[in-house]
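Student: This is the structure I want to talk about, given as structure tokens.
The values are calculated or read from the model by the stated rules, or taken from the named source; none is laboratory data. Nothing here was measured: the structure is a model prediction, and the numbers come from that model. Please note: Cβ atoms are built from the backbone with ideal geometry, for glycine as well, and neighbour counts cover all protein chains shown.
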Amino acid sequence: MSDTLQPIKAWILKRHPERTDIAPDLDLIENRLIDSLSFVEFVFLLEQVSGRKIDMTVLEVDHLRTLRIIEERFLIAAVH
């Protein structure tokens, strides 16, 4: 995982102190690491980290399912 993903991972771990790490392929939604109450705040953080606006009208839950997907879809793409 890239250094760019660290603020995302830290944000999740801060809200779940019982966890010490998050595997790249762990389902964040199924494991309730991102829930409906924190979803908008999470998307805002992702916008800040990636440096680009995220269109909520086309955003799907599957786009945020794992750290690996988030990195590939939003962070690596933002660099190129």
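Student: In segment 1-18, how many are over 15 Å from Phe74 (Cβ atoms) and free of Cβ contacts under 8 Å to residues at least 12 places away in the same chain?
Tutor: Filtering segment 1-18 down to residues over 15 Å from Phe74 (Cβ atoms) leaves 10, 13-18.
Filter once more, keeping what is free of Cβ contacts under 8 Å to residues at least 12 places away in the same chain: 10, 13-14, 17-18.
So the count comes out to 5.
Student: Can you report the number of residues in segment 31-50 which are over 13 Å from Pro7 (Cα atoms), of a type outside the set (A, V, I, L, M) and at pLDDT below 95?
Tutor: Adding up the residues that qualify gives 4.
Student: On to the next question. I'd like the full set of residues that are of a type in the set (S, T, N, Q) and within 13 Å of the chain's Cα centre (by Cα), limited to segment 20-52.
Tutor: The first filter runs over segment 20-52 and keeps only residues of a type in the set (S, T, N, Q), leaving 20, 31, 36, 38, 48, 50.
The answer is Ser38, Gln48, Ser50.
Student: Still on this structure, please answer the following. If we scan segment 6-19, do we find a residue that is at pLDDT below 95, surrounded by fewer than 12 Cβ atoms within 10 Å (Cβ to Cβ) and more than 13 Å from the chain's Cα centre (by Cα)?
Tutor: no
Student: Another question about this same structure. Among residues belonging to segment 53-73 that are over 11 Å from the mean Cα position of the chain (by Cα) and surrounded by 13 or more Cβ atoms within 10 Å (Cβ to Cβ), point out the one that is nearest to Ile8 (Cα to Cα).
Tutor: Here the residue is Ile54.
Student: Okay, next question. Test each condition in (1) surrounded by fewer than 12 Cβ atoms within 10 Å (Cβ to Cβ); (2) without any contact (Cβ under 8 Å) to a residue 24 or more places away in the chain for Asp25 and report the one that comes out false.
Tutor: Asp25 satisfies all of (1) surrounded by fewer than 12 Cβ atoms within 10 Å (Cβ to Cβ); (2) without any contact (Cβ under 8 Å) to a residue 24 or more places away in the chain except (2).
Student: Before we move on, is Ile76 over 12 Å from the mean Cα position of the chain (by Cα) and β-branched (Val, Ile, Thr)?
Tutor: Numbers: over 12 Å from the mean Cα position of the chain (by Cα): yes; β-branched (Val, Ile, Thr): yes.
The answer is yes for Ile76.
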